[in-house]
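Some notes on the structure that comes next.
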Amino acid sequence: MIVITTPTGQIGRQLLDNVLGSEKAIRVIARDPSRLSPRVRERVEIVRGSTDDLDVVNEAFAGADTVFWLVPPNPRAESIPGHILDFVRPMCDAINNQGVKRVVGVSSLGRGTAKNAGQISAIFAMDHLVESTGVSYRSLCPPGFMENMLWQIAPIKSQGLFFSPVSGERKVPICATRDIAAVAADLLLDDSWSGQDSVPIHGPEDLSHNDMAEIMSAVLRRPIRFQQVPAEAYKATLTQQGMTEAWAQGIVDMATAVDQGIYNAEPRTPQSTSPTSFRRWCEEVLKPAVLG
């Protein structure tokens, strides 16, 4: 039995697509099962509720061998560590209660080097708590997602601009969520692994924001440029959009850590190089979103 959390999220939805054709029994935890496609609802067992509810997680983990775990973001959280721990503690209790053998979790590149890195630091605390249960664990370690660019569709469409506190010249790895889902699916369908380890996912290339602007311009056939903005101005924009002070500060701290090289600390290897290029992602995801 495989349990998949966040089945309607960017990664969880694509992960489900990758495993539905297997012979494995699949169970999902969903707040709103109506958001699952008919194909998914016909194939999987559904536990309705939230992954921060111990009773829900215990029910979902009963009889399960392997779990895919991802803490959903909450831009209205008053505390980033508090938000993460509210989800991780019930999961750790349920691992022990139900005898789960393996967990695949989504973490971040930079483990062991991050200091004051906002949401990234909190996710590393999640890794530590999961590992403290003794369960066999694979911590998927991607950099920033290509899909994060979708947060800036409005200025891209109206002004031909996207923004960040990160320098326009800082080259960093970037990956597509489809590639994270593919790695997770392979691990969920493999019963042979044990122990605890990190699995870096670097994407196919390191790109700066200026590089990304050039690629976006070519794909969209209109000029797109990047503009670096001061951290405080960026934070103010995030809070104006409804984020809490804590969550916005975390994003700023995360950007500072990226600008200081947190994603560049671990060397790329052939095994960590995932296939989807930023150009391909722009053609298949960004362009339809902008035109739509």
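The values are calculated or read from the model by the stated rules, or taken from the named source; none is laboratory data. Every value quoted in this text rests on a predicted model; they were computed, and no experiment measured them. Neighbour counts run over all protein chains shown; Cβ positions are idealised from the backbone, glycine included.
Got at least one residue in the range 206-221 being of a type in the set (Lys, Arg) and touching a His at 6+ places or on another chain (Cβ under 9 Å)?
Restricting attention to the range 206-221, the residues satisfying the condition of being of a type in the set (Lys, Arg) are 221.
From what is left, the residues that are touching a His at 6+ places or on another chain (Cβ under 9 Å) are none.
No; the residues of the range 206-221 include none that is of a type in the set (Lys, Arg) and touching a His at 6+ places or on another chain (Cβ under 9 Å).
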Inset, instruction - Output the qualifying pairs, or none if there are none: Cβ atoms under 7 angstrom, residues six or more apart or on different chains, first residue in the range 194-207 and at pLDDT 95 or above, second residue of a type in the set (Lys, Arg) and not in a strand (DSSP E or B). - result: SER198/ARG111; HIS202/ARG268; ASP206/LYS171; LEU207/LYS171
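Considering only the range 126-146, state which residues are surrounded by fewer than 18 Cβ atoms within 10 Å (Cβ to Cβ) and touching a helix residue (DSSP H, G or I) at 6+ places or on another chain (Cβ under 7 Å). Talk me through it step by step, then tell me what you get.
The first filter runs over the range 126-146 and keeps only residues surrounded by fewer than 18 Cβ atoms within 10 Å (Cβ to Cβ), leaving 128-129, 131-134, 136.
Residues satisfying the conditions are LEU129, THR133.
When you scan the range 103-114, do you find a residue that is of a type in the set (Gly, Ala, Ser), at pLDDT 95 or above, crowded, with 20+ Cβ neighbours inside 10 Å and within 14 Å of MET1 (Cβ to Cβ), even just one?
Within the range 103-114, the subset of a type in the set (Gly, Ala, Ser) is 105, 107-108, 110, 112, 114.
Cutting the leftovers down to at pLDDT 95 or above gives us 105, 107-108.
If we keep only those that are crowded, with 20+ Cβ neighbours inside 10 Å too, we end up with 105, 107-108.
Remaining after also requiring within 14 Å of MET1 (Cβ to Cβ): none.
No, the range 103-114 contains no residue that is of a type in the set (Gly, Ala, Ser), at pLDDT 95 or above, crowded, with 20+ Cβ neighbours inside 10 Å and within 14 Å of MET1 (Cβ to Cβ).
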Inset, instruction - Filter the range 221-236 for residues that are closer than 17 Å to PRO155 by Cα, part of a helix (DSSP H, G or I) and either without any contact (Cβ under 8 Å) to a residue 60 or more places away in the chain or more than 23 Å from the chain's Cα centre (by Cα) (or both) and give the result. - result: ALA233, LYS235, ALA236
Legend entry - Pair list, Cβ under 7 Å, 6 or more apart: the range 276-292 residue assigned to a helix (DSSP H, G or I), other residue small (Gly, Ala, Ser) and crowded, with 18+ Cβ neighbours inside 10 Å: TRP281/ALA176
Legend entry - Sole exception among (1) surrounded by 22 or more Cβ atoms within 10 Å (Cβ to Cβ); (2) hydrophobic (A, V, I, L, M, F, W, C); (3) touching a helix residue (DSSP H, G or I) at 6+ places or on another chain (Cβ under 6 Å); (4) over 16 Å from CYS282 (Cβ atoms) for ILE123, by number: (3)
